[in-house]
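Worksheet: one structure, shown below.
The values are calculated or read from the model by the stated rules, or taken from the named source; none is laboratory data. These numbers come from a predicted model, not from an experiment. Virtual Cβ from ideal backbone geometry, glycine too; neighbours counted across all protein chains shown. Surface accessibility is based on the protein's heavy atoms, side chains included, excluding ligands, DNA and RNA. Shrake-Rupley method; radii C 1.70, N 1.55, O 1.52, S 1.80 Å.
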Amino acid sequence: MENSVDDTICAIATPVGEGGIGIVRVSGAQAIEVAAHVVRPRNRQSLQELENHRLYLSDVLYPESPLPPGEGQGEGPSQAVEQGTAIDEALVVIMRKPRSYTGEDVVEIQTHGGAWILQATCHGLIRHGARLAHPGEFTKRAFLNGRLDLTQAEAVLDTIQATTSRSLQAAQSLLRGSLSKEIETFRERLIRVLAHVEAGMDFAEEDITFIQAAEVQQALTDTQRVVEQLIKSYEEGRLIREGIKVAIIGRPNVGKSSLLNALLKLDRAIVSDQPGTTRDVIDESLNVRGIPLRLLDTAGLRQTQDTIEGEGIRRTEDAIAEADVLLLVLDGAEGVTDEDRAVFDTYGSQRHLLVMNKMDLPESQAFDATLLPVKDGTAFVKVSAKTGEGLDHLTSVIQSVCLKEGLEATPSVLVTRLRHKASLEQAHCSIEEAMRSLERKESGECVALDIRAALDALGEITGAVSTEDILDRIFQDFCIGK
């Protein structure tokens, strides 16, 4: 049977593994009725009699049929637990619609966080009419029931995945509706303009002017300006949400792995004097003043006949293609070599900064960066992976290279997702075409058609205009239980 939004759904809402608390969530029209078969309040009231948004101590009952083989840490139907036996004590809260996360009746069962207990609880709910929720289905229902718009639903996932204070701040801003409010403000402006334009079309024969062309032009210009600002904010917003991907590259034995370890302050990568030690890309994250840095330590770039080292170099090239900035690491003690020049010739056209390692050695004082064809404005940083000198300056320079305007200049509303940027660009093109139609004194139908296209593009961001395909793409990245 095909799944329906009218189904009652359930899922374990806490991460896999052992913990002090585990939560099973149920949502749907039959949520309370289904949960009543699985939990029994200690105060002897029925679940239907419990008040909203209050925690009640309850017993969790063993399902009326055994767990399927393979569930509950490998125990199957042979386990000797009587049906209806209390297997745990829990806190239960009922949230009746519409005052719940999904906008439906919701029951949350807070048990101890053992895997077997949670699986048994969930299995009991399924036995009595619930089905297992799909990834993101609770949040999808919140959207469908008008509790969240699409940008807020996406911000829920961003909040869960936030790794720094800055990425959490951006996610919370979206969750509170900052982008939604901005978009709805100029959508309303366009709707008013469209209404006047279409009214003029309806009364064209009576020569009634509902709005002057100059007013339409000004409204479109003002909207266009805001849309452009939001589009420009995307690059910084993306970096704050996803992190700045920093690929550490260079010839073998210049200290790339040592630099990674020094930045992380732990021995994550193997360090050896033997060239070719790093055979794979090592991906680690670092929180630098609220911005996540994703550091990619790569294999040394050189010609090689070794099959495994060659595969490592191929993976390095993939990492370079995905990176936001490259750290071209040079050995300050050895100076610039032909291999360094070869690396620079291949990758020097990408966004990068030069890093001279081993500044603690006396030989590094004679290092001459001008031996490379460095462009004016290219950042050049001296560090010592051994002593840690220069590392704070290096992380600051990485930020300044990627976040050109600096953190203090960050706008209050950030676009953090490519989906939003693509829709804004589509709206920008449609508004631009409407402005051209006005300049060419074309019919109101042409202007109205372009304004409607802009409205549809903007509506896709918040979900005012949506398709099942868009919704599937958005919620497929969520975990089950959220």
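Would you tally the residues in region 234-267 being in contact with a helix residue (DSSP H, G or I) (Cβ under 7 Å, 6 or more places away or on another chain), over 17 Å from PRO292 (Cα atoms) and in contact (Cβ under 8 Å) with a residue 24 or more places away in the chain?
Result for region 234-267: 3.
Give me the residue from region 338-393 that is on the phi > 0 side of the Ramachandran plot and out of contact with any strand residue (DSSP E or B) (no Cβ under 8 Å at 6 or more places or on another chain) and, out of that set, surrounded by the fewest Cβ atoms within 10 Å (Cβ to Cβ).
The selected residue is GLY377.
Mind checking which residues of region 308-342 are among the hydrophobic types (A, V, I, L, M, F, W, C) and under 33 Å from the mean Cα position of the chain (by Cα)?
Result: ILE313, ALA319, ILE320, ALA321, ALA323, VAL325, LEU326, LEU327, LEU328, VAL329.
Of all residues in region 23-44 being of a type in the set (Gly, Ala, Ser) and either at pLDDT below 95 or outside any strand (DSSP E or B) (or both), which is surrounded by the fewest Cβ atoms within 10 Å (Cβ to Cβ)?
ALA29
If I filter region 117-138 for residues that are polar (S, T, N, Q), under 14 Å from SER27 (Cβ atoms) and crowded, with 21+ Cβ neighbours inside 10 Å, do I get at least one hit?
no
Is it true that PHE186 is modelled with pLDDT under 90, open to solvent by less than 20 Å² (accessible area, probe 1.4 Å) and closer than 30 Å to PRO98 by Cβ?
Against the criterion (modelled with pLDDT under 90, open to solvent by less than 20 Å² (accessible area, probe 1.4 Å) and closer than 30 Å to PRO98 by Cβ), PHE186 qualifies.
From the list THR159, THR85, THR164, exactly one residue is open to solvent by less than 20 Å² (accessible area, probe 1.4 Å) and not hydrophobic (A, V, I, L, M, F, W, C). Which is it?
On inspection, the qualifying residue turns out to be THR164.
A quick yes/no check of all residues on (1) part of a helix (DSSP H, G or I); (2) buried (at least 17 other Cβ atoms within 10 Å of the Cβ); (3) over 22 Å from the mean Cα position of the chain (by Cα):
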position: THR395; (1), (2), (3): yes, yes, yes
position: VAL415; (1), (2), (3): no, yes, no
position: HIS420; (1), (2), (3): yes, yes, no
position: CYS429; (1), (2), (3): yes, no, yes
position: LEU438; (1), (2), (3): yes, yes, yes
position: ALA457; (1), (2), (3): yes, yes, no
position: ASP472; (1), (2), (3): yes, no, no
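If you take the residues of region 45-55 that are free of Cβ contacts under 8 Å to residues at least 12 places away in the same chain and open to solvent by less than 90 Å² (accessible area, probe 1.4 Å), which of them is nearest to SER4 (Cα to Cα)?
Checking each candidate, the answer is SER46.
Test ASP273 against the stated conditions and say whether it is assigned to a loop (DSSP other than H, G, I, E, B), open to solvent by less than 80 Å² (accessible area, probe 1.4 Å) and at pLDDT below 85.
no
Looking at the structure I just gave you, is ILE248 at pLDDT 75 or above, buried (at least 19 other Cβ atoms within 10 Å of the Cβ) and not in a helix (DSSP H, G or I)?
Yes.
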